[in-house]
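Inspection log for the structure reproduced underneath, given as structure tokens.
The values are calculated or read from the model by the stated rules, or taken from the named source; none is laboratory data. Given the structure is predicted, the values throughout are model-derived calculations rather than measurements. Cβ sites come from the backbone with ideal geometry, for glycine too, and all protein chains shown count toward neighbours. Only protein heavy atoms, including side chains, enter the accessible area calculation; ligands, DNA and RNA are left aside. Shrake-Rupley method; radii C 1.70, N 1.55, O 1.52, S 1.80 Å.
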Amino acid sequence: MIAAATVTMLTMLTLSVGLLLAFTPYLMRRNECFAVTVPSSAQHDPRLMALKKRYAAIMTAVAIACALASAGAGALIVSGSESLGTTLECAAVMAPIVASFALMLVNRRAVTAIKHAEGWRAQSRQAIAVAAEDDLPGAVSLAWNLLYIPVILVTACIGFALYPSMPDMLPMHADFSGNVTDYAPKSIATAIGLPVLIEVFLAACLVFSHWSIRHSKRAGDASAPAASTLAYGLFARAQSIFLLAVGLILSGGIGILFLLASAGFVNLSQAGAIVVLLTIPVVIGSIALSVAYGQAGSRVFSRMQTSSEMTMDDDDHWKLGIFYVNRDDASLFLPERFGIGWTLNFARPAAWAIIIGMLLVTAAFIAVVTALAA
């Protein structure tokens, strides 16, 4: 029963993510189309609209196919073919992402051709008048991340309370059917240190994400500077609040479930199913925010003024439509060109330092967890 429920949830999650990718072009800023800068009034161009519809139709079909593949992968896992099923599940999850990127590149080329044929280019660079930073909405204060501290402390207290009742050998890994396949000797490090370490690592990653939102370059549209700047601020605030809520729920949930599994109140299969269940409101909330706000707040004010002129064109700095490389831009973080969220300016040395640092920290975290669970 638990395995079947988990399969159903994974299938729905795969379908939800695929459908979000399918409608990504409709969530982008008005002066962008498939990672190409266009006049905001060009969003009503029949050729661009046709490209969006075709992309959405293909990606919807891909999402449905991958959801069916995910269901098939779950059936294989339940029947005992865990290795094959896991491989198919990973493929079902990655396929929509790969398909979306490939289709974006194809359509980006088409939009670029239309742009050149129409002669759409920035005639002059118009500055965007922005109010003082303190007068604008934006991501909530980083001080809210102090809420992670009581979550971690509560997890540690629960761990010490349950420690005497835990068995001498703690379950560390189980197959999809709930059969434990790996144990570790009971100790403070494995029973309490491990879940607390997981929570600290997750909290650190999410606090950094929050910090990057607060230090991101503000998105704006020169044809509607006040409205677009306000919309971006509201978008950043909503995303930061959602990020904090998700972090508190997932980090606390994973840590406490680990302790309950160690004490025998739930088995690892049940704990895994609950973690998957916790991701459902995360995905639903992410989709709801994306539809309500759009990328960088593009859907906040549906009647913002449009213009047939382009006041800026930085297409040359967007490699493959997703990698921003601009040595003349001091910004380190900025909104993505195709997708919901933020990216790095890869021309800045600090961006590579962040990437390398994150890889090293993640590798160290995996090494410590592996050592504790051995």
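Of the listed peptides 244-251, 209-216, 352-359, what is their order by residue-averaged count of other C-beta atoms within 10 Å, with the highest listed first? Walk me through the numbers on the way to the answer.
Numbers: 244-251: 19.1, 209-216: 17.4, 352-359: 11.8.
Highest to lowest by the protection proxy: 244-251, 209-216, 352-359.
For the chain, what's the relative contact order in percent, using C-alpha pairs closer than 8 Å and at least 6 residues apart?
Values: 542 pairs, mean separation 88.0, N = 374.
Relative contact order comes out at 24 percent.
Nearest 10 degrees, 0 to 90: what angle lies between the long axis of helix 225-262 and the longest principal axis of the chain (Cα atoms)?
So the helix axis and the longest Cα principal axis differ by about 10 degrees.
What Kirkwood hydrodynamic radius do you get for the chain when you take the inverse of the mean 1/r over all pairs of distinct Cα atoms, in Å? Let's see the in-between values first.
On the way: mean 1/r = 0.0436 Å⁻¹.
When all Cα pairs of the chain are included, the Kirkwood radius is 22.9 Å.
So how far, in whole Å, is the C-alpha centre of the range 310-374 from the one of the range 181-212?
24
Which order do the peptides 54-67, 279-292 come out in when sorted by mean C-beta neighbours inside 10 angstrom, highest first?
Values: 54-67: 18.1, 279-292: 15.2.
Packing proxy ranking, top to bottom: 54-67, 279-292.
Would you mind putting 368-374, 340-346 in packing order, based on average other-beta-carbon counts within 10 Å, highest first?
On the way: 368-374: 12.7, 340-346: 18.4.
Put in order of decreasing packing, that is 340-346, 368-374.
Just the number, please: carbon plus sulfur as a percent of the accessible area of the chain, 1.4 Å probe, no ligands or DNA/RNA counted. All intermediate terms of the calculation are to be shown ahead of the outcome.
Details: 12670 of 18250 Å².
Percent of accessible area from carbon and sulfur atoms in the chain: 69.
To the nearest 10 degrees, how steep is helix 2-22 against the longest Cα principal axis of the chain, on a 0 to 90 scale?
10
Using Stokes-Einstein with the Kirkwood hydrodynamic radius over Cα pairs, what translational diffusion coefficient do you get for the range 304-374 at 25 °C and a viscosity of 0.890 mPa s, in µm²/s rounded to a whole number? Walk me through the intermediate numbers first.
Values: Rh = 14.9 Å.
For the chosen part, D equals 165 µm²/s.
Can you tell me, using C-alpha contacts under 8 Å and at least 6 residues apart, the relative contact order of the range 1-102 as a whole percent?
The value is 33 percent.
Would you please give the FRET efficiency between residue 97 and residue 168, computed as 1/(1 + (r/R0)^6) with r the Cβ-Cβ distance and R0 = 56 Å, to the nearest 0.05? Intermediate results must be reported in sequence, preceding the final value.
Working: r = 43 Å, r/R0 = 0.77.
The value I calculate is 0.85.
According to the square roots a ≥ b ≥ c of the eigenvalues of the Cα gyration tensor, what is the shape class of the range 231-374, taking rounded for a/c under 1.5, prolate for a/b larger than b/c otherwise, and oblate for the remainder?
Numbers: a/c = 3.58, a/b = 1.61, b/c = 2.22.
Since a/c reaches 1.5 but b/c is at least a/b, the shape of the range 231-374 is classed as oblate.
Sequence-distant or interchain residues sharing an amide H contact under 5 Å with residue 38, placed H: which?
32, 33
Roll a 1.4 Å probe over the protein chains and send me the accessible area per residue for the chain in Å². Intermediate values should be presented prior to the final figure.
On the way: 18250 Å² over 374 residues.
About 49 Å² of surface per residue is accessible.
Loop-only check: which trypsin sites (Lys or Arg not before Pro) in the range 303-374 are DSSP coil with at most 15 other Cβ within 10 angstrom?
Numbers: sites: 303, 319, 327, 337; in loops: 303, 327, 337.
Sparse-neighbourhood loop trypsin sites (Lys or Arg not before Pro): 303, 327.
Straight distance only, please: which lysines reach the Cα of residue 52 with their own Cα at less than 22 Å, same-chain residues fewer than 8 apart left out?
115, 319
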